[in-house]
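What follows draws every value from the coordinates through simple rules; no lab data is involved. What you are looking at is a predicted structure, and each value in this text was computed from that prediction instead of being measured. Cβ: placed from backbone, ideal geometry, glycine included. Neighbour counts: every protein chain shown.
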Amino acid sequence: MSGHTNMTLVNENGIRVDGRAFNQHRPFKVNAGVLKNADGSAYVEIGKNKILAAVYGPRECHPRHLQNPNKAIIQCKYNMQAFSVSDRKRPGPDRRSIEISKIIAEALENVVLTELYPRTSIDVYIEVLQANAGTRCAGLTAAAVALADAGIPMKDIVSACAAGKADDVVILDLNKEEDNYGQADVPVAIIPSTDEIVLLQMDGNMTREEFDNAIKMAIGSCHELYDLQKEALKKRYEEKEEDESS
Ligand code: UDP
């Protein structure tokens, strides 16, 4: 997020580096139940991002001192594979992945009925296989589907998409160049049935009006993702029914 570059990110016709219009998101793809040994799983592609999420639980909580007698805790591990970016990413946790794990777990706590499973842990693993900006949103979108696939009671799923600003234009779903050289990046996650915001961050600067526009565009995109998330889960249940009847 430098905001300073000679690179044109939005040209005079309003076209972005990858050919998109200001309000266009990258192509989305969502699949549920992609891993056999996890209780729930999902695979998400958003543009060049490729992300797997796996869920285990509710199960015994380790470390035990984290147990909550009133509800389950959600433990999330967001991890970027060394091969997921063009410069090899140093393996293991870093400040960024610890932050992203925390905000994703907090966003999910708004929808999971944790009070049904006191003293347990619901473990969410997010593996970024290929990254091109927007991985926290794509990871959260995948994690929500994986939780539903695990059959964990939730009041709704969560959908996430970023918006931001580049070359003084408010744009939807920033890619890597726009994230690196643009002026602002605002990841947003909502509970689509109520439009309640469960994750909101901002890197860079925008006016109040630009910010309102960015939020509106991001929420619109979350609703489109929501339809795909529901479709993926429906497809998964149909497959399960077929497996059981054969
Ligand atoms: N990135 C990278 N190496 C890193 C961390 C990030 O190349 O160690 C890239 C990656 O493509 C990522 C993007 O920078 O998607 C933007 O990272 P940011 O921290 O803004 O999070 P994200 O947009 O992925 O949620």
Percent breakdown of C-alpha pair distances by 5 Å bin, ordered from the shortest bin, for region 93-233: 2, 10, 20, 22, 20, 14, 7, 4, 1, 0
Label-point gap, in nm, between I15 and R59 - each point 7 angstrom along Cα→Cβ: 5.0
Largest-first principal axis extents, alpha carbons of the chain, Å: 55, 43, 36
Alpha-carbon Rg/Rh ratio, for region 1-135, with Rh computed the Kirkwood way: 1.07
Cleavage-rule hits, trypsin sites (Lys or Arg not before Pro), region 1-52, DSSP coil, Cβ neighbours within 10 Å at most 10: K36
Highest average packing first - 171-182, 136-147, Cβ atoms within 10 Å: 136-147, 171-182
Amide proton proximity set for D173, modelled H, under 5 Å, gap of 5+: A162, A163, G164
Alpha carbon centroid spacing (whole Å) that separates region 18-86 from region 118-147: 2
Dipole magnitude (debye, nearest 20) for the chain, charges at Cβ of Lys, Arg, Asp, Glu: 780
Estimated dipole of region 1-134 in Debye, rounded to 20 [Cβ of Lys and Arg +1, of Asp and Glu -1, Cα centre]: 260
Gained length - D203 relative to Q67, 0.36 nm times residue gap less alpha-carbon distance: 45.6 nm
Length gained when the stretch D168-E196 is fully extended (0.36 nm per residue, less Cα-Cα span): 7.3 nm
Estimated distance in nm for a label pair at Y237 and R95, the labels positioned 7 Å out from Cα along Cα-to-Cβ: 4.4
Across K102/K216; K36/K240; K48/K89; K50/K89, pairs whose alpha-carbon gap is larger than 21 Å: K102/K216
Helix axis angle, 135-149 relative to the chain longest principal axis, alpha carbon, degrees: 30
